[in-house]
Amino acid sequence: MPSVLIAARHLVDRLRQPRSRAEELRQLRQRLQETPTSLPPAERAAALRLRALRERLSELVGPVESCRTCAKGHPAPHGHFDGGHCCGLRTEDAFNDDEVAALRLAGTTPGRLIPPAGGPDHAGCAFRGPTGCSLAVPDRPNLCLRYLCPDLTRELYRRDPERLAVIDAVNAELEAEYLAFIKLRADRLEDEALGIAS
């Protein structure tokens, strides 16, 4: 999505979304667009493994009930909607530079960053709406898929303790892969800063 399309999308968002959400979306789309994609194969491979692990983890967890009501009674922004307490964080905290780089290398484009349909409310992450996250699983930060709060963990345990053990193993694999990706990226950026060719 070239900058002109990002600007056009921002105008549409300004008409349909709260100003704060529209601005966060514009900034994130721009950051994603500016993230290089012609990088060493090891980084791209790690980003693709992260995407596959996010999809696997989401499949294992499946639909859940606890996330629909976990925010009730909490102060805003976390408690603004009934569910998604953990989604009350700021957009830029969920989409840090490493997350944006991993998403971009795995195929997420600015055009895939779709906000919740309609609605005047913006509370927390720009993709959080009254019925959950508006992003497809492959386009969500690793953080969002990895975090299993105590309520969700209890629900998953009640559902199937053995499956929870598999979920925990995939979650640990996702965390390890993400840390490896961060190191690969940090090493490359350091080499670039020192003028060392990869």
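The values are calculated or read from the model by the stated rules, or taken from the named source; none is laboratory data. The shown structure was predicted, so the numbers you read here are calculated from the model rather than taken from an experiment. Heavy atoms of the whole protein, side chains included, go into the accessibility calculation; ligands, DNA and RNA do not. Shrake-Rupley method; radii C 1.70, N 1.55, O 1.52, S 1.80 Å.
Accessible-area rank, largest first, for T91, T37: T37, T91, with all protein chains present and a 1.4 angstrom probe. Roughly speaking, to the nearest percent, how much of the stretch 73-165's 1.4 Å accessible area is carbon and sulfur? Looking at the stretch 73-165 in its full context, I get 54 percent from C and S. Averaged per residue, the chain has 53 square angstrom of accessible surface, using a 1.4 angstrom probe with ligands and nucleic acids left out.
Running Debye on the chain with equal point scatterers at the Cα sites and no solvent, what base-10 log of I(q)/I(0) appears at q = 0.15, 0.16, 0.18, 0.19 Å⁻¹? Per q value, in the given order, log10 I(q)/I(0) is -0.97, -1.08, -1.27, -1.34.
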